[in-house]
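The values are calculated or read from the model by the stated rules, or taken from the named source; none is laboratory data. Note that the structure is a prediction, hence the values are computed from the model and not measured. Heads up, the Cβs are rebuilt from the backbone with ideal geometry, glycines too, and the neighbour counts pull from every protein chain shown. All accessible areas refer to the heavy atoms of the entire protein, side chains included, with ligands and DNA or RNA removed. Shrake-Rupley method; radii C 1.70, N 1.55, O 1.52, S 1.80 Å.
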6 protein chains.
Amino acid sequence: MTQANAPAGPRSTLVITAHAGDFVWRAGGAIALAASRGEKVTIACLTFGERGESAKAWREGRKLDEIKAIRRDEAERAAATLGAEVRFFDAGDYPLLVTPELTDRLVEVYRDTQPDVVLTHPVEDPYNGDHPAASRMALEARVLAQAIGYPGPGEIIGAPPVFFFEPHQPEMSGFKPEVLLDITEVWDTKRKAMECLAAQQHLWDYYTDLAVRRGVQLKRNAGPNLGLAHRTMAEAYMRPYPQIAKELA
Amino acid sequence: MTQANAPAGPRSTLVITAHAGDFVWRAGGAIALAASRGEKVTIACLTFGERGESAKAWREGRKLDEIKAIRRDEAERAAATLGAEVRFFDAGDYPLLVTPELTDRLVEVYRDTQPDVVLTHPVEDPYNGDHPAASRMALEARVLAQAIGYPGPGEIIGAPPVFFFEPHQPEMSGFKPEVLLDITEVWDTKRKAMECLAAQQHLWDYYTDLAVRRGVQLKRNAGPNLGLAHRTMAEAYMRPYPQIAKELA
Amino acid sequence: MTQANAPAGPRSTLVITAHAGDFVWRAGGAIALAASRGEKVTIACLTFGERGESAKAWREGRKLDEIKAIRRDEAERAAATLGAEVRFFDAGDYPLLVTPELTDRLVEVYRDTQPDVVLTHPVEDPYNGDHPAASRMALEARVLAQAIGYPGPGEIIGAPPVFFFEPHQPEMSGFKPEVLLDITEVWDTKRKAMECLAAQQHLWDYYTDLAVRRGVQLKRNAGPNLGLAHRTMAEAYMRPYPQIAKELA
Amino acid sequence: MTQANAPAGPRSTLVITAHAGDFVWRAGGAIALAASRGEKVTIACLTFGERGESAKAWREGRKLDEIKAIRRDEAERAAATLGAEVRFFDAGDYPLLVTPELTDRLVEVYRDTQPDVVLTHPVEDPYNGDHPAASRMALEARVLAQAIGYPGPGEIIGAPPVFFFEPHQPEMSGFKPEVLLDITEVWDTKRKAMECLAAQQHLWDYYTDLAVRRGVQLKRNAGPNLGLAHRTMAEAYMRPYPQIAKELA
Amino acid sequence: MTQANAPAGPRSTLVITAHAGDFVWRAGGAIALAASRGEKVTIACLTFGERGESAKAWREGRKLDEIKAIRRDEAERAAATLGAEVRFFDAGDYPLLVTPELTDRLVEVYRDTQPDVVLTHPVEDPYNGDHPAASRMALEARVLAQAIGYPGPGEIIGAPPVFFFEPHQPEMSGFKPEVLLDITEVWDTKRKAMECLAAQQHLWDYYTDLAVRRGVQLKRNAGPNLGLAHRTMAEAYMRPYPQIAKELA
Amino acid sequence: MTQANAPAGPRSTLVITAHAGDFVWRAGGAIALAASRGEKVTIACLTFGERGESAKAWREGRKLDEIKAIRRDEAERAAATLGAEVRFFDAGDYPLLVTPELTDRLVEVYRDTQPDVVLTHPVEDPYNGDHPAASRMALEARVLAQAIGYPGPGEIIGAPPVFFFEPHQPEMSGFKPEVLLDITEVWDTKRKAMECLAAQQHLWDYYTDLAVRRGVQLKRNAGPNLGLAHRTMAEAYMRPYPQIAKELA
């Protein structure tokens, strides 16, 4: 769904997340799939999760800058494993504040990357206010980047589809799976990327189990005889905007 | 998404509607698109709409059987125009009653047609109780037809995706477009099918305008530079079950 | 909003309720107001509430027929006090069953009374299944009565607005006040009608307090300087269908 | 519903919108109707829509100030056609920011115009964040303007009813028609006002079709025999606060 | 919350389910906990799940009666393991029909067991219509059993709290965890009961993983320092009626 | 649910409110109950309600500081009557602004008081924007106070349960009673505390009636034979997070 008059190039995916680890746990499969097809994936990481998602490091007595450096390093290795580029905004977490300046920086990223697909957090999460903050800015910047009257470098963008990835407590965050993405063929890559996040080892199995469960759900929604692998792994997404289709399937 | 061990054949679409005209106004584009790709489309028409959707004929003093015959004839010509087969159940409308017997007849249709895609009414419609009744039976029969323990002829089915087509008053029926289907290339066929329904001439332009409006919405959600036809025509659908995907797009 | 070609006559209100007391507690003010303007009000009372709403009589050892007779007598006196006619269907309560036959009898009432306004229960009530049952049949019969093809005596009706009156536990029944009706001027009449229901004396003050509270809410939503009586009494209603207006007010 | 101790005068309507064209497309009928009854209508236009709603002008290479001047001129002519006064706030669009200062300026407008009716955008619009921003400030300023303790010139206001007008993609913005306003008699005026907006000619027919469709819906909800014009034109509104009524109708 | 004038006895829990296995997967922990406290637990099992939940047996070519016997045997052993009594209604599954007769039989069970707590399916499940059917009858029978006027043997009941247990696809069934029950201390018993269901071995690990995930959620909602076991196991429930409390905790 | 490694002490309740009177009308019973059990209750009062909730004083011509002093005095006496400590933030009302600084001050209160239970406003209130503002900051500060990486004095907190108390217009604020708290035994104390608020005498009876109505609802949800006092008084609450339970009851 690239723009008609854009220079022909590989498809582009833009992932906007609050913290350094989010893109791995929640969208690692989608990223690896896109990369495996030769597409470009850019991750806009608004903070390192240095205050809210690094409890272990704080308990070990590390300093703020040290923690940021660790998280950056982990995230860079995970992104490389998945086949994506990661850009850090260092906007400060807990709380991540919604500001016109940060939104404007995201407009620039949109215009620079010209995404065909956008991935971000859902708009609700009663357990972590940074996630909705990132989501709001991601959605607003997408609209602003479409307007020829909005100033700044780069070309305006089209209206790329948006997908919300799964929050930690889906039912408490109004999350309902609307798309089940089959990530079986890139599962090993996602697992390797997760293992780059050494500080959160307890989550490796947690998110492996989640992928199994979403895989079971995928099979249940696809029918028993679909010829799916015995162990299908999946990620769940929501669509805030309607799907554009040439065929019902 | 045909079943792995089903005999290889063209894809099959099953449309389940309450009244004789519903499949034309609401899903004529999807039907014509599928037929144009060489697929099989079967319409299960539960009633002729003889009481609730034939005011003009009643005002002209026609009898019940006469009205049924007129509606049947119109629907058959419209289906032929679209490239589909229509089966009539003559279950009686206004009200269409939800019964185990009628649901069982739908199970047989499911097993007979082995659909890859199912189209029906949404579950809510405060203006016409026959539509939710048809929807409830369509959904229940789909589940029953999947169970090897449910008796009856034919093979069990998989879990084909379901699409709800647009009701007459979408906002009052909880209808939110989740899929916008581009029907521009078969628009002339849909218009011809609508014109088979002579008794409801006032709706020809109404549903043409609706297709234009959904087309504008499609373009707005797809971005301004998508290379779409100047006048894109569209139909809107909801998905009650998650989409199964190999790629986010 | 009488029909253009209907014989000119007073406006007609139709109230459809599950049990004998419902119209008094929940809509007594609206009924008295309409009657005070010289309009016709007909109450279709589907059951006497003989099993589910007559605990006191059962504890006193009364028999079924005796209880029905008591409830009928009370309801007739309350209706007369309000200025309305009540028709009993004796369909059996706890549970009140949704049937095509009872719905058909309601179609006849619609066509006979040609209502300009319809009042009934909301569609949800987790504390009493008879209320949703009555509501479903009231709504379905209204649609059937509009269809020239639906058989039976009388003229078809238009599309009179429907109002849901307030259930016993509004927040648990999805009830949100959409219309606050000022019943101050007929309050004494409503109180007298409530006092006809001797068996439920504990509810007299309960529903008086409710009218005060809805009156406070009315004043809060109308502004402090509206020139309202110091003690405004009100009833709350929902509208399942859009209001038709000549002016925003 | 004027305040008891306000100087007797014509009724006053206040319309608060994000961009220069909004009041024409979405509420032009309601404005023309009020003006035709001799009432006062004031439009508070927070921005000119210079960045987000002026793509054509930007593509033609015009400058910011030039674009603002064009939009101002168009809006003034449209307002004059409808019979209303328009006040510009020039607060900057795309994004329109929610600030205490702008909200305070709206409080002054409320106290100055003493509205009997308020019209504004709905609180949700995933396609344009300026609309919810305008709506939030309109609602908050209305509450502040009621408080005697809130400082500033003018008298406090009552609690005028609020109506949300229809957004561009109603189903995606949680918009459900709760009031259908018959604008048939002022339709020509609304069309003339739309034609003042030369830069958006493609919308003239779009909003004409919408008025037809809402008119069909009005007739369907009012009954077939209401004596309505063959071609009824309508606008749809929501009510965020309960209606205060003296009669159910 | 036993009734004041009921004969003093152990607390009583009533579990109403559609199929033979439901009480094990979904509420086995709650049942084992109650039994471990010396309370009485009665399971009303409306069908054996002979058609819809026994695919493996049908594929092995077994007959209907044989399958029922297998499922009954498995369920009885699982119930005994948990410490509960199970009563079979053999009402026929796929579809389980909502009937006044079956509802009436449930009223008798309510009056016979005088439950202090009721467990059943949620009211929505788009994947299996038998679950909502069981839920509707369980809720309606509870209300009927409270009415002194409803005929039948036994004493009327109070208003025991109701808990909905977790469906297979929670997000698709409107299920949101409102109570997280710590079942760590009876986990081994639940696992043993699951292992009685030999035909569904693939679910043993699935529901073990679910209990781990709900346990993680319990810990997240209880705070990190609550002194909980390293591996807390939990079940999730919803409350359709308000909790009655003497203390906020 | 105190933290395992916290110094053993009485349980602690934290109440966060927008205005000086809120804790009395809406949570006075819960506060008095906790105090009567020897627990510590701290009220964080963000503003005095000097502009928005002091109409009477403004009409009497009092000055801002005078009004603040009156409200402070009343609130202190009411808190003392209930057995709680009140802390004033004087952040300015109408509008109460959401700021990182005020949120940070709340984080300090959380860490200082180490609450086992938190009470605050619901997140929606279309009649008073200060209430949602207070709620948002209360919820966000609770999450920040849990993070070891968030700077500031004091120990991090666990995840204490949150309860929303009842707003003035519950149905318009999305409020549904999820917990009905029996406050009969401390009712006299709550009434005395209400009577400390001399400026709002008209609310004394209003909130007494509300307590009666919620008491009737409590009895209806608890069953007729629960041995409850003839006149049970209650307060209603919502739970935004799941309840953690050792037993279903």
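Placing one identical point scatterer on every Cα of the protein assembly as shown and ignoring solvent, what is log10 I(q)/I(0) from the Debye formula at q = 0.05, 0.08 Å⁻¹? So the normalised log intensities work out to -0.39, -1.17. Given a cut-off of 33 Å, what percent of all Cα-Cα pairs of chain B lie beyond it? For chain B, the share of Cα pairs beyond 33 Å comes to 16 percent. Inter-chain Cβ neighbour count for D:147-158, averaged per residue, equals 5 (cutoff 10 Å, partner chain atoms only).
Normalised by residue count, region C:1-94 yields a Cα convex hull volume of 100 Å³ per residue.
Computed over the alpha-carbon pairs of region B:122-167, the distance histogram in 5 Å steps reads 5, 20, 25, 18, 14, 12, 6, 1 percent, short to long. Amide H to amide H distances under 5 Å link F:MET233 with F:ILE183, F:THR184, where only residues 5 or more positions off or on other chains count and H is placed in the peptide plane. Other residues whose C-beta falls under 15 angstrom from the C-beta of A:LYS219 contribute a net charge of +3, scoring Lys and Arg +1 and Asp and Glu -1. Counting Cα-Cα pairs of region F:106-225 in 5 Å increments starting at 0 gives whole-percent bin shares of 2, 10, 15, 16, 18, 17, 12, 7, 3, 1, 0. F:HIS202 exposes around 130 Å² of accessible area when a 1.4 Å probe is run over every protein chain in place. For region D:61-141, the fraction of alpha-carbon pairs lying more than 20 Å apart is 44 percent, rounded to a whole number.
Close amide H pairs (under 5 Å, H built 1.01 Å from N) link A:VAL123 with no residue at least 5 positions away or on another chain.
Sorted largest first by accessible area at a 1.4 angstrom probe radius, with every protein chain in place, the residues B:ARG37, B:ARG71 fall in the order B:ARG37, B:ARG71.
Normalising the average separation of contacting C-alpha pairs (under 8 angstrom, six or more residues apart) by the number of residues puts the relative contact order of region A:1-123 at 38 percent. Label separation (A:ILE148 vs E:HIS230): 6.4 nm, computed from points 7 Å beyond Cα along the C-beta direction. With contacts taken as Cα pairs under 8 Å at a separation of at least 6 residues, region E:60-139 carries a relative contact order of 27 percent.
Taking a ≥ b ≥ c as the square roots of the Cα gyration tensor eigenvalues, region D:14-154 comes out oblate, since a/c reaches at least 1.5 and a/b does not exceed b/c. Quick test of the membrane-span-like rule: which DSSP H helices of chain B reach at least 15 Å along their long axis (C-alpha atoms) with mean Kyte hydropathy at least 1.6? Qualifying helices, which must be both long enough and hydrophobic enough, do not occur.
Anything over 24 Å Cα to Cα? Flag those among C:LYS219/D:LYS176; A:LYS56/A:LYS176; B:LYS192/D:LYS192; C:LYS190/C:LYS219; C:LYS68/C:LYS192, in the order listed. Exceeds cut-off: C:LYS219/D:LYS176; A:LYS56/A:LYS176; B:LYS192/D:LYS192. Each Cα pair under 8 Å and six or more residues apart adds its sequence gap; the mean of these over the residue count of chain C is a relative contact order of 23 percent. The listed residues B:ASP73, F:ASP188, once ranked by accessible area (1.4 Å probe) with the largest placed first, stand as F:ASP188, B:ASP73. From the Kirkwood radius over Cα pairs of region C:160-249, Stokes-Einstein at 4 °C and 1.567 mPa s returns a whole-number translational diffusion coefficient of 89 µm²/s.
For D:LEU203, the accessible surface of its heavy atoms amounts to roughly 30 Å² (probe 1.4 Å, protein chains only, rounded to the nearest 10).
Taking amide H as placed 1.01 Å from N in the peptide plane, the amide H of A:ILE43 sits under 5 Å from that of A:VAL15, A:GLU85, A:VAL86, A:ARG87, each at least 5 places away or on another chain. Based on DSSP H segments of at least four residues, each scored -39500 (n - 2.57), the protein assembly as shown has a per-residue ellipticity at 222 nm of -13000 deg cm²/dmol.
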